[in-house]
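Notes follow the structure.
Read-outs: derived from the displayed coordinates by stated rules, not from any lab. The model shown is predicted, which means the values in this text are computed figures rather than measured ones. All Cβ positions, even for glycine, are placed from backbone atoms using ideal geometry, and neighbour counts span all protein chains on display.
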Amino acid sequence: MAQEKRRIYTSFHDIPPREYMYFPEGSLEGGKPGRFSGVEIRHLLISMIVLTVAFTFALTGNNLITGLSIGFNPSRIPYGIAVSFFGIVTAFFFHEISHKIIAQKHNLWAEYRMFPQGLSLALFLGVLTPFVFAAPGAVMFMGGSRYHETGKIAVAGPLANIIVAIITLPIYLFVVFEFQIIGQIFGFICLINAFLATFNLLPFGPLDGVKIIRWNATVWIILLIIAIFILMTIMPKFSLEI
């Protein structure tokens, strides 16, 4: 049986590189397992800060629409920052880094690059409305990649979110539910991870689901069922009370 030919990819998420797909001097060190370049760390930090701020305004009711309706309450902001930060770290950061690690294990150069327009939109929506749509960026990679390798890289992100959601769901339901601050953090972590996993497993466009189906449809449907089950379990029981 002929060996599968390696293909060349420049962007794991098929996002046109343009202004943010660049390789400053020294950044190719990111191709070594576990290595991060300075520009990658900067992009990750900026993305997490912007997302934390956006979700803080949206969740605490200090966004423009909610504030004008029921009044602003700045005292909620520190609480909102804590809830948002832990949610962003365990959902966004774990998701992207899982893609990166698996790509590196397949000897691909892989680094995260923020998407400035997506971050701007998330911040704009968070400050003005109680809703946040975030397309902060993606792990970009270069090198030869076969379908089964691309599929495994794609699985890594949603799988990381599902694992976090599976761990935090029983903690929220049976351990810390009555403790408001800790309970709210664990509940939001579970919710945002379950939502991110479900969303990324949808078989549309540049999402992970498309690449997983090309590799193994059985794996895709199992992960999607688990993600939806967790999401449907946590949604009716969780309400953010900040």
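How long is the gain from ASN216 to PHE229 if the chain were fully straight, where each residue apart is worth 0.36 nm and the alpha carbon distance is subtracted? Could the numbers behind the result be given before it?
Values: separation 13, 0.36 × 13 = 4.68 nm, distance 2.05 nm.
Here the segment from ASN216 to PHE229 would lengthen by 2.6 nm.
From the Kirkwood radius over Cα pairs of the range 36-234, Stokes-Einstein at 37 °C and 0.692 mPa s returns a whole-number translational diffusion coefficient of 188 µm²/s. FRET efficiency for VAL175 and LEU68, Cβ-Cβ distance as r, R0 = 51 Å, nearest 0.05? Step by step, r from the Cβ atoms, then E = 0.85. Each residue of the range 69-139 gets 85 Å³ once the volume of the Cα convex hull is shared out per residue. Packing around the peptides 167-175, 70-78, 108-116, taken as the average count of other Cβ atoms within 10 Å per residue, puts them in this order, highest first: 108-116, 167-175, 70-78.
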